[in-house]
1. Criterion first (assigned to a loop (DSSP other than H, G, I, E, B), out of contact with any strand residue (DSSP E or B) (no Cβ under 8 Å at 6 or more places or on another chain) and not assigned by TED's automatic domain parsing to the domain that holds residue 291) does residue 420 satisfy it?
2. Can you find a residue that is in the same structural domain as residue 315 (by TED's automatic domain parsing) and in contact (Cβ under 8 Å) with a residue 60 or more places away in the chain anywhere in the range 374-386?
3. Among 204, 233, which is surrounded by 11 or more Cβ atoms within 10 Å (Cβ to Cβ), at negative phi and outside any helix (DSSP H, G or I)?
4. Quick check, is residue 130 modelled with pLDDT of 95 or more, in the same structural domain as residue 166 (by TED's automatic domain parsing), touching a helix residue (DSSP H, G or I) at 6+ places or on another chain (Cβ under 9 Å) and surrounded by fewer than 17 Cβ atoms within 10 Å (Cβ to Cβ)?
5. Kindly establish whether residue 232 is out of contact with any helix residue (DSSP H, G or I) (no Cβ under 8 Å at 6 or more places or on another chain) and touching a residue at least 12 places away in the same chain (Cβ under 8 Å).
6. Count, please, the residues in the range 337-367 that happen to be part of a loop (DSSP other than H, G, I, E, B) and within 13 Å of residue 403 (Cα to Cα).
7. Given the criteria assigned to a loop (DSSP other than H, G, I, E, B) and modelled with pLDDT under 95, does residue 80 qualify?
8. Of the conditions (1) in contact with a strand residue (DSSP E or B) (Cβ under 7 Å, 6 or more places away or on another chain); (2) under 23 Å from residue 279 (Cα atoms), residue 398 fails just one. Which one is it?
């Protein structure tokens, strides 16, 4: 995990696991420093934990760093559980310490029993292959050197060597999910399989090997079917072999795009729609995926102020909370006279179209007029409020506005008796 010449920051709470880790690193002669987090969740007990670790480090001349967190307030402000808030706070601080003091690694005292409990907890909540691999021995700058040992083995060692530690009474309750697994679930499963920990460890090893195979396969697939085009990622549709079935292709796509926040059920919907009409959009928190004619195109989600480019076969576009739906027709169909729907002569349009916010200086020929009019003046005539003006958008073809969305089309692009192809555009959302 590391070299004997490396400098290691040990995360020491004062509990049995971390005190054994501290003892082992001292015995091995590593260059170490200690970091202790006081989450202020247990009153005086938390302060006594901090004092205990500080006293040990002073006695052994080990550099000691401590910090106090207002964990409850942080959790409330960021809408996190106490456990997630504590995790976020401590790792941010650990990373700052290793940069500040030129340290190489952060060592935590997770052990094999923790890893088994992680697998059971993830399996209970629903997970993928990654969630069944337990706790990683190394993750970035974090190492977990005690994963070879169970909790009972560490406790036996601590008793034999005479290592003192602080007991956290909250570990004895079932208030936390991990404690519930430890106290209620694992003992029951061990009635079926007394060697549960050992067999789970072997299972983790097998699945870790399988995960490496999957990672290698995905890497090779990307070399063949994934290309970068500026800020976009293009996934060739030919890379999805539909003779292998929906589940195979869903899992394949998910492995490729999960890093962008797309979930498994979304990937299933994408695979179902992959050979349908181009233009369908799917969104994660920060990205969007559009089904194009030959590719699945992944890009960062457009902000409210960014222009949206619309290709000739596209059926949907999104800008903030607004959605533009597009369809083509060879025949005139009677539509609701809503201003949110525009009928345009498609043959007069030049693709790609641009959908954007209107700006000062924009002008067009409002339907029924033969003279150009500024959009700003048109909106005043329509008595559009200042607040609503800021959200008005326009559809543009080759630099010419063809529709002030939800208000009026341009007279030059209206449907006439000579029209052979109609583009039907509807704006929805806010």
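1. Yes, satisfied.
2. No.
3. None of the others qualify; the one that does is 233.
4. Taking the combined requirement at face value, the residue does not satisfy it.
5. Taking the combined requirement at face value, the residue satisfies it.
6. Within the range 337-367, residues that are part of a loop (DSSP other than H, G, I, E, B) and within 13 Å of residue 403 (Cα to Cα) number 7.
7. It is true that residue 80 is assigned to a loop (DSSP other than H, G, I, E, B) and modelled with pLDDT under 95.
8. (1)
The values are calculated or read from the model by the stated rules, or taken from the named source; none is laboratory data. A quick note: this is a predicted structure, and the numbers were derived from the prediction, not measured. Positions of Cβ are backbone-derived with ideal geometry, glycine not excepted, and every protein chain shown enters the neighbour counts.
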